[in-house]
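The values are calculated or read from the model by the stated rules, or taken from the named source; none is laboratory data. Since the model is a prediction, treat every value here as computed from it, not as a measurement. Note that we place each Cβ from the backbone using ideal geometry, even for glycine, and neighbour counts take in every protein chain shown.
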Amino acid sequence: MYRRKLLPTFLVFFCVNTYAQNKVNFEITLSETKTSHSLYNSIDLADTRTDTNSFGFVQTGAFNRNGKVVLQAPFAAELKRILGSLVDSAASNGELLLQVRQFNFAETTGALGEHGYCAIKAEMYAKKGTAYQKINAIDTLIHLRSSIDVTNKTLRAGSQQLTAFIQSSLVIAPANDVVMYNYNDIAHIDSVEKRALKVYNTTTYADGLYLTYNSFKKQVPDKGGVTVANDYLFEGNVKAPDDKGKLRDVKLKKTYAIVYKGAPYIATAYGFYPLAKVNDEFIFTGMAKTPPNPTSVMVASAAFGLLGALAVSVGDEGTYEMKIDHQNGSIIKLKEIPAPKATGTSRNDGWD
């Protein structure tokens, strides 16, 4: 039976370093139109991405060699250039702070052409005295296809999206009742956000069935009375009462999580997996789809980091360490867990 071979760890790092030597310049698209009556005329950057040294990877040349996407100028300087192309002399003296949590490219080649991806996750803050108020946000994944070359289209689309987001923020005034942050809060925004979620601030979880992440993060079960025959958690063996009190099978595809005997479990297409709280993150190990080849593994992990489950992740099944995205409850791949080596002896006498 054919088994997919995994690259040795040293070879993976060698390949990643080799790819990093080929750089692709990412040019920011400036606006051709000004925004009248802008409330702001300056912008600063809080770059809280996992990897601030690159903007992911794309494929270049006839052999689709992976190249690291980089800016020629510092990111903060590029933002000021964008703003300069957007505002005129009548702009007010407001100050903006752009927090970039994700801005990365990736590219793969399939049987029907090339696929380009750009993931952008950012928040815009208006400065008020020494504090900041959030006025705008973006969380999007751009996916483009081309039968020839998708690289330039993807880079251009990502640049245009960033410029459009900044432009849309120029006429948004901060509200009086919006939460105020200091710069340190923004630099550690994940922790700040988690402090407002009950599930991240307790060690006692409410037993029951949770149909959505919203109910799980609030620790308000959609249904109580979950039963598990012989404590074995698998689909068909986990039941919860319906509206009439009759026990029904809990369906994985309709369930987000369950808490059974005080222990939380995430529900995925592959089953129920126990959640562990590690360094303020909900972590679990389970089955998921794997990218179709080692190159895609490296591109996806290097380009998207903790973003995880992208559309590029299709192919054979594998075991991954994963976590829950505290903002929306989606499952994020952290790393693949290699399959254990086969035990026993094999013939290797030169005759095979």
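Summary table
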quantity	calculated
Residue identified as under 26 Å from residue 87 (Cα atoms), crowded, with 17+ Cβ neighbours inside 10 Å and charged (D, E, K, R) among 123, 114, 107	123
In region 254-283, residue surrounded by the fewest Cβ atoms within 10 Å (Cβ to Cβ) [restricted to those that are of a type in the set (Phe, Trp, Tyr) and assigned to a loop (DSSP other than H, G, I, E, B)]	270
Cβ pairs under 8 Å, 6+ apart, first in region 21-50 and over 20 Å from residue 134 (Cα atoms), second of a type in the set (Asp, Glu) and surrounded by 14 or more Cβ atoms within 10 Å (Cβ to Cβ)	28/78
When residues of region 193-236 are limited to those that are in contact with a Phe, Trp or Tyr (Cβ under 7 Å, 6 or more places away or on another chain) and part of a helix (DSSP H, G or I), the one farthest from residue 48 (Cα to Cα)	216
Options 49, 81, 65, 101; residue that is basic (Lys, Arg) and modelled with pLDDT of 95 or more	81
Which listed residue, of 223, 194, 251, is among the basic types (Lys, Arg), in contact with a helix residue (DSSP H, G or I) (Cβ under 8 Å, 6 or more places away or on another chain) and either surrounded by 11 or more Cβ atoms within 10 Å (Cβ to Cβ) or free of Cβ contacts under 8 Å to residues at least 12 places away in the same chain (or both)	194
Unique match (being in the same structural domain as residue 320 (by TED's automatic domain parsing), of a type in the set (Ser, Thr, Tyr), more than 24 Å from the chain's Cα centre (by Cα) and closer than 30 Å to residue 336 by Cβ) among 265, 260, 213	260
Count of residues meeting criterion [of a type in the set (S, T, N, Q), closer than 25 Å to residue 153 by Cβ and part of a strand (DSSP E or B)] in region 38-84	3
Tally of residues being within 23 Å of the chain's Cα centre (by Cα) and charged (D, E, K, R) across region 23-73	4
All positions within region 331-345 that are out of contact with any strand residue (DSSP E or B) (no Cβ under 7 Å at 6 or more places or on another chain) and either modelled with pLDDT of 80 or more or of a type in the set (S, T, N, Q) (or both)	338, 343, 345
The one condition in (1) of a type in the set (Phe, Trp, Tyr); (2) surrounded by fewer than 20 Cβ atoms within 10 Å (Cβ to Cβ); (3) modelled with pLDDT under 70 that residue 304 fails to fulfil	(2)
Residue 71 vs. criteria within 30 Å of residue 173 (Cα to Cα), surrounded by 12 or more Cβ atoms within 10 Å (Cβ to Cβ), modelled with pLDDT of 90 or more and among the hydrophobic types (A, V, I, L, M, F, W, C)	no
Selection status of residue 4, at pLDDT 85 or above, surrounded by 12 or more Cβ atoms within 10 Å (Cβ to Cβ) and part of a loop (DSSP other than H, G, I, E, B)	no
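Per-residue answers, yes or no, for (1) surrounded by fewer than 16 Cβ atoms within 10 Å (Cβ to Cβ); (2) part of a loop (DSSP other than H, G, I, E, B); (3) modelled with pLDDT of 50 or more:
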{"site": "285", "(1), (2), (3)": "yes, no, yes"}
{"site": "300", "(1), (2), (3)": "no, no, no"}
{"site": "311", "(1), (2), (3)": "yes, yes, no"}
{"site": "320", "(1), (2), (3)": "no, no, yes"}
{"site": "329", "(1), (2), (3)": "no, yes, yes"}
{"site": "347", "(1), (2), (3)": "yes, yes, no"}
